[in-house]
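The values are calculated or read from the model by the stated rules, or taken from the named source; none is laboratory data. Not measured: the values here are computed from a predicted model. Every residue, glycine among them, receives a Cβ derived from its backbone with ideal geometry; neighbour counts consider all protein chains shown. The accessibility values were calculated without ligands, DNA or RNA, using every heavy atom of the protein model including side chains. Shrake-Rupley method; radii C 1.70, N 1.55, O 1.52, S 1.80 Å.
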Amino acid sequence: MKLSIVSPEKTLYSGDVVSVAVPGTKGRFEVLDNHAPIISSLQAGQLTYKGDEEVTLDIAGGFINVADNRVSICVELADKQAGKQ
């Protein structure tokens, strides 16, 4: 599936992945191929995606939109992560 992660500053990732795990405001959840459409807010925590390798980002919050095997995430990076980007 296609994943796009953006912050107010820049695009953090755009490419193919096999899974995405996010800290939803109602609890952590994982998105896999053919996931049902969903729009959800995200709380502070770790966003993890798996493509060729597993990558983890610390986020302060954001939103996720899933539809037709496309995952779009808009995040505010946590302070400690923002300095690394």
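A few comments on the model shown:
- Taking Lys and Arg as +1 and Asp and Glu as -1, the other residues whose beta-carbon sits under 12 Å from that of Val17 total -3.
- Under 14 Å from the Cα of Lys2 - aspartates and glutamates, other chains or at least 8 residues apart: Asp16, Asp33, Asp52, Asp68
- Check: the chain dipole with +1 on Lys, Arg Cβ and -1 on Asp, Glu Cβ, in debye: 200
- Protein accessible area in region 1-69, 1.4 Å probe - carbon and sulfur %: 49
- Based on Cα contacts under 8 Å between residues 6+ apart, the chain shows a relative contact order of 29 percent.
- Computing Cα extents along the principal axes in Å directly from the structure and comparing it against [x] 51, 28, 21; [y] 34, 29, 19; [z] 38, 29, 19 singles out [y].
- Spin-label model distance (nm) - Ala44 vs Ser4, 7 Å beyond Cα toward Cβ: 2.9
- Paramagnetic reach from Glu53 in region 1-30 [backbone N under 17 Å; point 7 Å along Cα→Cβ]: 12-19
- Take region 2-65 with all the other protein chains still there, run a 1.4 Å probe, and you get 57 Å² of accessible area per residue.
- 12 Å beta-carbon shell around Leu3, net charge (K/R +1, D/E -1): +1
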